[in-house]
Each structure stands twice: as structure tokens, then as C-alpha cells.
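Each value in this text was obtained by applying a stated rule to the coordinates, not by laboratory testing. Computed from a predicted model, the values in this text were never measured in an experiment. As a convention, Cβ positions derive from the backbone with ideal geometry for all residues, glycine included, and neighbour counts pool all protein chains shown.
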Amino acid sequence: METRSPVDTVSAPGSAPVAAPFSGALGLTPARPGVYRVELAEAWTVGGGKLHGGFMMALLTRAALTGLDAHTGAPAGTTEPVAVSMDFLRAPDMGPAELATEVIKVGRTASVVRVELHQHGRLALAGTVTAGRLPEGPADWTNLPELAPEPPAEAVRIADSRQDSELTRSCQVVLDTGTAAFLRGERADPLMRGWVRPRGEQPDVLFALLAGDILPPLLFNMARAGWAPTVQLTALLRGRPAPGWLRLEATSRVIRGNWFDEDYTVIDAQGQLVCQARQLALAPLG
């Protein structure tokens, strides 16, 4: 179990500590109306130096919301994401990139923004963000898995395992030992549970998006380790996360040929559903 304070800092070799690495990495520099420049940092990469898909989704969503607020003249943070859909066309590299936004619709309840990430003169990611206001108060009805609100003592910090990466030093990720069979060299069904929270700050709606793709690929439990690139990822945001750990359950319905799916349920510290995510990914060879 992670025992550090939630105000931990993270620093890259030769750099100053970053107090809040998640929100710090979402900084955008305006280039022209609706277009922003960004620096894709190593701190949000996984094995092989690949930028993490959930982080990229959060980054493009931030750009879409910023472009929408600029288009309508609303104060920053007026709108929130309620649904996000992204196509991963090619893996971006660390370094500078450009984000282009186009407002498709402005509505009283829901607005829609198209967003693209370009790098090296090529389109790498494209998607749409539906924006509005997330609901307040308790849910009228839920059907959620029962997950402990915090990691138990026997849970495994990914930063202490062989699955360590730059990303797991930028946010705290803990695995449920009962469902992470691959850590014991065993095989099991494609199901994992765990917990995640950002370092140096509390989770927000954008971090809930990242949480919907944070656990190791479920195929690891089936002895199929390797890079499993996301092809399409769709997420529904259902509420604003309360301070504390986000609890996670990820399952797969079908693994067939080169393709597999992952369904995520993300629950906050108060037991409220904050994100549902489903992705289609390419399976590494067995």
C-alpha cells in the first residue's frame, strides 16, 4: 500500500520537482483561435516510452473545453465533459504537438467540440467531446461493484513491481492482489481491480478520464504481456470525484483474434460512479 503523503512531488532527472504533475502536464499555450500548443512529457509514458492513452484523452478534453469556453466567451471551467470519444490513429511521440478544436454545436444542455492532435505534420488523435454540467447530489439508482474505498495493506503499488513506468511515478496506482494474477506468475480471467489518485492534488473530472485506462492490460492475466495499443476509447463522465482514492474495476467481454475490449468502472471515495469507459484495443501476441 502507498504510504506517502498526497502532497508528494515528482521530478524528472535534472529538473525541478513538480508539485502536481497531472494538472501541470495539461498546460496549453494558445497559438491561434481554437488551436493550442502542448509539450508531451515523459512523465506520462508507459512501457517503451509510449504516451498513455488515458492521459492523452484527458489532454484533448482539456483542449476541447478550453476552445469551447473561448468560443462562447464563458469563464474558464464553465463547462465540464459528459462524454468523450477518441480514435487513436497513431502513437504520438514525446515533445511538442498541436491541438486543434472546432465547436460543432453550442447548446443550453450539451455542446459538442471536435478536437485533433497533430504532430510532425500528421494527425495522431481525433475525437469529440460532449460538454455540459455534471449532476449534483446522490444518484437515484446505482448498480456498482463492491470495492474497498482505500487500498488494503496487502495491495501492491505498481511503483514497487516490475510493471513500474514513468506514469506510475506521476500518479499513485495500487493493484488488488486477488485479481492481479500476473504479478504472481499465474493465469486468471481478464478482470482487475485497483485504486489510483494523482500526486500533489485531488482527483478531478479529467483525472477520472485517465483513471478509466490506468490499470495494466487485462491480457496480462492471460500470459499475453506486451504493448496493447488503444484503437478507440469512449468514456462517460457521471459526476465530480470526491477527494481521495478512485477505486477501479476493469473487465473484458470478448478476446478474439487481434482484438479485445476493456470496460472500466471508476468510483470515487464517497462511493459515487464518476466515469464509465470502454475501449477497443489490439492484443499483443501470446
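Structure above, values below:
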read-out: Angle between the chain longest axis and helix 53-72 axis [Cα atoms, degrees, rounded to 10]; value: 20 degrees
read-out: Cβ-derived FRET efficiency at R0 45 Å, LEU191 paired with ASP69, nearest 0.05; value: 0.70
read-out: Cβ-defined net charge surrounding THR128, 13 Å radius [Lys, Arg +1; Asp, Glu -1]; value: -1
read-out: Hull volume in cubic angstrom per residue (convex hull over the Cα atoms of segment 60-109); value: 105 Å³
read-out: Full-extension gain in nm, ARG32 to ARG114, via 0.36 nm per residue minus C-alpha separation; value: 27.9 nm
read-out: Estimated 222 nm signal from helices in the chain, with DSSP H stretches of n ≥ 4 weighted -39500 (n - 2.57), rounded to 500; value: -3500 deg cm²/dmol
read-out: Radius of gyration and Dmax over the Cα atoms of the chain, both given in Å; value: 18.1, 55
read-out: For segment 150-286, size of Cβ-based charge dipole, Lys and Arg +1, Asp and Glu -1, in debye; value: 180 debye
read-out: Other-chain or far-sequence residues with amide H under 5 Å of TRP245's (modelled H); value: none
read-out: Whole-Å distance, taken between Cα centres, linking segment 149-226 and segment 74-148; value: 23 Å
read-out: Order of TRP141, TRP44 - criterion: other Cβ atoms within 10 Å of each residue's Cβ, fewest first; value: TRP141, TRP44
